[in-house]
Amino acid sequence: MGRMRENPRYNVISMRVSDEERERLQQIMETTHMSVSDIMREAMDLFTVKLEQSQDADQKAA
């Protein structure tokens, strides 16, 4: 039986990418030694930060 994880991940999300996007992803995987899942998690974190910064800038401008 597998070990219990502190933060188990049960949700699976699929996406379609072009050949060029797949090649870029493969290059990122080879360069960073990260899995696709880890790369996508980091991309979501970066996007979240960017979105929050944009919202903060919008609130300051108002």
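In this entry, Glu30 passes the filter for residues that are acidic (Asp, Glu), exposed (fewer than 11 other Cβ atoms within 10 Å of the Cβ) and out of contact with any helix residue (DSSP H, G or I) (no Cβ under 9 Å at 6 or more places or on another chain). Out of all the residues in region 3-20, is one or more without any contact (Cβ under 8 Å) to a residue 24 or more places away in the chain, part of a loop (DSSP other than H, G, I, E, B) and among the acidic types (Asp, Glu)? The answer is yes, given that some residue of region 3-20 is without any contact (Cβ under 8 Å) to a residue 24 or more places away in the chain, part of a loop (DSSP other than H, G, I, E, B) and among the acidic types (Asp, Glu). The residue of region 1-21 that is nearest to Ser37 (Cα to Cα), among those that are loosely packed, with under 10 Cβ neighbours inside 10 Å and of a type in the set (D, E, K, R), is Arg9.
For Leu25, the test of being in contact (Cβ under 8 Å) with a residue 12 or more places away in the chain, of a type outside the set (Ser, Thr, Tyr) and either surrounded by 10 or more Cβ atoms within 10 Å (Cβ to Cβ) or in a helix (DSSP H, G or I) (or both) is passed.
Bear in mind these aren't lab numbers, they're just calculated from the coordinates by the rules spelled out. Note that the coordinates shown come from a computational prediction; the quantities given were computed from them, not determined experimentally. Please note: Cβ atoms are built from the backbone with ideal geometry, for glycine as well, and neighbour counts cover all protein chains shown.
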